[in-house]
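Before any comments, here is the structure.
The values are calculated or read from the model by the stated rules, or taken from the named source; none is laboratory data. Because the structure is a prediction, the values reported are computed rather than measured. Cβ sites come from the backbone with ideal geometry, for glycine too, and all protein chains shown count toward neighbours. For accessibility, only protein heavy atoms count, side chains too; no ligands or nucleic acids. Shrake-Rupley method; radii C 1.70, N 1.55, O 1.52, S 1.80 Å.
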Amino acid sequence: MSGHSKWATTKHKKAVIDARRAKSFAKLIKNIEVAARIGGPDLAGNPALELAVQKAKKTSVPNDNIDRAIKRGSGQLGEAVDYQTIMYEGYGPQGVAILIECLTDNKNRAASEVRLAVTRNGGNMGDPGSVAYMFTRKGVVSLPKNDLTEDDLLMAVLDAGAEEVKDSGENFEVISEPQDLPAVRAALQEAGIEYDTDEAGFVPSMEVQLDVDSARKFMKLYDALEDLDDVQNVYSNADVSDEVMAALDAE
């Protein structure tokens, strides 16, 4: 389903941008502000800012918006907003694990809104550490298969630090350590291979196959979380078979 890349498996099976362009822009801008505040406005000396800017440009965020975000984050336009990253943990249908990554200037608001979205949509909040152990932070690059084979892709990225190439249906995914993400991205560009998304995210160690009813409920929960301004990313170990996805698409 277009626009629901992460709710299925965090595997970016579809393009992330589309119906939620405005929401996506706001989150990308916030990432730029935070990176500029922490590491300064110079892209050459701030890898996190360079990555945030590159991701924003790939999503067609206007250059003027990017420049303002850099200046605002680095304090050139006055006092910068002090954002903090908070992780919440919870459970969805069939006991799937959920990690909710927030970037907020108001911890109480974020906590209240996340809890409300989870409990109103059939989920349960978990204690810190209750599901985090099921995930590992990795660099993930998602790209369309086109005429590529798994071996072609592996040859292009292996020397850049890629750990594995996964076949995720319509896409391939290149998995690496987060610090190797820039090198993997550069290797793909050098090989002339187009990619859709690249980010450091949380990859589950095992997945839970959802039935149609649970997948429908989980999509509703995922959407409610993604709609929150403070929520940057939602990760889960939920997975959906092609048959279940087809049944959902037919509804």
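Find out how many positive minus negative residues lie around Leu188, taking Lys and Arg as positive, Asp and Glu as negative, among other residues whose Cβ is under 10 Å from that of Leu188. Residues near Leu188 contribute -2 overall.
Just the number please: accessible area per residue for the chain, 1.4 Å probe, all protein chains included, in Å². Intermediate results must be reported in sequence, preceding the final value.
Numbers: 12180 Å² over 251 residues.
Normalised by residue count, the accessible surface of the chain is 49 Å².
Using equal-weight Cα scatterers in the Debye expression, the normalised intensity of the chain in log10 at q = 0.07, 0.14 Å⁻¹ is -0.24, -1.00. Stokes-Einstein diffusion for segment 109-210 at 20 °C, viscosity 1.002 mPa s, with a Kirkwood radius from C-alpha pairs, works out to 139 µm²/s.
The string of couplings for segment 165-179 from the Karplus curve (6.51, -1.76, 1.60, θ = phi - 60°) is 10, 10, 8, 10, x, 7, 10, 9, 10, 9, 9, 8, 5, x, 5 Hz, one whole number per residue in order, with x for Gly and Pro. The dipole here belongs to segment 168-251: it is taken about the Cα centre, uses +1 on the Cβ of Lys and Arg and -1 on the Cβ of Asp and Glu, and is about 160 debye. To the nearest 10, the accessible area of Met206 is 120 Å² with a 1.4 Å probe.
GNM on the chain, alpha-carbon springs under 10 angstrom: the most fluctuating residue among Asp64, Asp198, Asp167 is Asp64.
Rounded to the nearest whole Hz, the Karplus-based 3J(HN,Hα) values (6.51 cos²θ - 1.76 cosθ + 1.60, θ = phi - 60°) of segment 65-75 follow the sequence 5, 5, 4, 5, 5, 5, 5, 5, x, 8, x, with x at glycine and proline.
Of the whole protein surface, Arg72 contributes about 80 Å² of accessible area at a 1.4 Å probe radius. If you run the Gaussian network model on the chain, springs between alpha carbon atoms under 10 Å, then out of Ala200, Ala224, Ala191 the most flexible one is Ala191.
With a 10 Å cut-off between alpha carbons and a GNM built on the chain, which of Asp230, Asp211, Asp151 moves the most? Fluctuation is largest for Asp151. Only protein atoms count toward the accessible area here, which uses a 1.4 Å probe; on the chain, the carbon and sulfur part of that area reaches 49 percent.
When the charge dipole of segment 173-225 is built from unit charges on Cβ atoms (+1 for Lys and Arg, -1 for Asp and Glu) and taken about the Cα centre, the candidate among Val212, Ala186, Gly201 whose Cα reaches farthest toward its positive end is Val212.
Charged neighbours of Val212, selected by a Cβ distance under 15 Å, balance to -4 (K, R count +1; D, E count -1).
Treating only the Cβ of Lys, Arg, Asp and Glu as charged (+1, +1, -1, -1), what charge dipole size does the chain show about its Cα centre? Round to the nearest 20 debye.
1100 debye
A simple charge model with +1 on the Cβ of Lys and Arg, -1 on the Cβ of Asp and Glu and nothing else charged puts the dipole of segment 75-122 at about 260 debye relative to its Cα centre. Note on Ser205: accessible area is roughly 90 Å² with a 1.4 Å probe, heavy atoms of protein only. The phi-based Karplus calculation (6.51 cos²θ - 1.76 cosθ + 1.60; θ = phi - 60°) puts the 3J(HN,Hα) values of segment 209-224 at 6, 8, 7, 4, 5, 5, 5, 4, 5, 5, 4, 5, 5, 4, 4, 4 Hz, whole numbers, x for Gly and Pro. Cα centroid separation, segment 169-201 to segment 128-142: 18 Å.
For segment 89-139, pairs of C-alpha atoms spaced more than 19 angstrom apart make up 29 percent of the total.
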